[in-house]
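The values are calculated or read from the model by the stated rules, or taken from the named source; none is laboratory data. What you see is a predicted model; the values in this text were computed from it and never measured. Note that each Cβ is placed from the backbone with ideal geometry, even for glycine, and that neighbours are counted across all protein chains shown. Keep in mind that these areas ignore ligands, DNA and RNA; they rest on the heavy atoms of the full protein, side chains included. Shrake-Rupley method; radii C 1.70, N 1.55, O 1.52, S 1.80 Å.
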Amino acid sequence: MKTTLKITVVLALLLSIVSCNKKTRRNYQYMPNMYESVGYEAYQESDAFANGVEAQLPVEGTIPRGYSLYEIEDTNDGYEYAKANLESPLDSTAVDYARGKELYDIYCGICHGTKGAGQGILMKREKILGVPSYADAGRAITTGSIYHVIYYGKNSMGSYANFMSEEERWQVVAYVEKLKADLEK
């Protein structure tokens with residue numbers, strides 16, 4: 001009788017231990033701070049950094065993934081250099097005029113017009129004056145000058161570098177060159 005009681009207690013104890021074990025989750029956390037980290041709000045005060053703010057600027061010299069530097073200066077000399085020397089990295093198979101037209105219509109068409117003749121909606125409503133046509137004789141624009149102006153802006157046109165990726169800017173450049181060729185026919 002004592003033996004049967006001992007065996008029953010041992011079996012019950014084993015059964016309870018085995019039934020508590022779940023193979024779908026970890027049973028023990030050796031370093032719980034790594035599994036359950038403290039969540040911080042981006043702009044709250046905190047002791048985590050010396051300046052007392054959670055949101056920190058990237059380290060100087062950091063370049064975002066997928067970003068490439070454009071090292072031509074935003075000066076007249078830089079513009080002339082880009083105009084003479086900068087070429088598109090897109091080959092003829094990578095140029096997508098449909099995508100270029102879509103981006104051009106979003107960002108450029110409002111001032112320059114859908115055909116590049118300088119007759120956009122803002123020009124017609126006289127909100128912005130003096131937007132020249134791509135076909136004007138005095139406008140000797142090149143691939144490099146178009147990209148440079150999109151990147152930095154010129155005169156009353158602001159920069160569009162933050163609105164488009166590098167590849168998108170080159171698509172717009174290709175489309176502007178197509179519009180210029182169509183106007184000059």
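Please report the relative contact order for the chain, taking Cα pairs under 8 Å with a sequence separation of at least 6, and give it as a percent rounded to a whole number. Provide the component values of the computation, followed by the final result.
Numbers: 157 pairs, mean separation 34.2, N = 185.
Across the chain, relative contact order equals 19 percent.
To the nearest 10 Å², what's Glu71's accessible area with a 1.4 Å probe?
The accessible area of Glu71 comes to roughly 150 Å².
Using just the helices of the chain, give the 222 nm mean residue ellipticity in deg cm²/dmol: DSSP H runs with n ≥ 4 each add -39,500 (n - 2.57), and the total is spread over all residues, rounded to 500.
Mean residue ellipticity at 222 nm (helix-derived): -12500 deg cm²/dmol.
Quote the charge dipole size of the chain about the Cα centre in Debye, to the nearest 20; the model charges only the Cβ of Lys and Arg (+1) and of Asp and Glu (-1).
Working: 20 positive and 24 negative charges, 295 e Å.
The calculation lands at about 1420 debye.
What is the sum of charges, Lys and Arg at +1 and Asp and Glu at -1, for the other residues whose Cβ falls under 10 Å from the Cβ of Arg99?
Details: positive: Lys101; negative: Asp96, Glu102, Glu167, Glu168.
Within the 10 Å Cβ shell, the charges total -3.
Could you pull out every one of the aspartates and glutamates with an alpha carbon less than 13 Å from that of Lys83, ignoring same-chain neighbours closer than 8 positions?
Partners found: Glu73, Asp74.
If each residue of separation counts as 0.36 nm, what is the full-extension length gain between Ile63 and Met157 once their alpha-carbon separation is subtracted?
Details: separation 94, 0.36 × 94 = 33.84 nm, distance 2.63 nm.
That pair, Ile63 and Met157, stretches by 31.2 nm at full extension.
Please compute the per residue accessible area over the chain with all protein chains in place, 1.4 Å probe, rounded to a whole number of Å². Before the final figure, lay out each step's value.
On the way: 14080 Å² over 185 residues.
The answer is 76 Å² per residue.
Looking at Met1, Ser37, Ala82, which one has the Cα that reaches farthest to the positive end of the dipole of the chain (charges on Cβ: Lys, Arg +1; Asp, Glu -1)?
Farthest along the dipole direction, towards plus: Met1.
Using the per-residue mean of other Cβ atoms lying within 10 Å as a proxy for protection, in what order, highest first, do the peptides 61-68, 126-133 fall? Present the calculation step by step, with values, prior to reporting the outcome.
Values: 61-68: 7.5, 126-133: 12.2.
Peptide ranking by packing, descending: 126-133, 61-68.
Quick one: if you stick a label point 7 Å off each Cα along the C-beta vector at Arg99 and Ala12, how many nm between them?
The two pseudo-label positions are separated by 7.1 nm.
Quick one: check the C-alpha center-to-center distance for the stretch 58-130 versus the stretch 166-185, whole angstrom.
Their Cα centres are 9 Å away from one another.
With a bin width of 10 angstrom, please list the P(r) values of the chain as percents of all Cα-Cα pairs, from the 0 bin to the one holding the largest distance.
Whole-percent P(r) values from 0 Å outward: 7, 23, 20, 10, 11, 9, 7, 5, 4, 3, 1, 0.
Taking the Cα atoms only, what angle lies between the long axis of helix 97-107 and the longest principal axis of the chain, rounded to 10 degrees?
90
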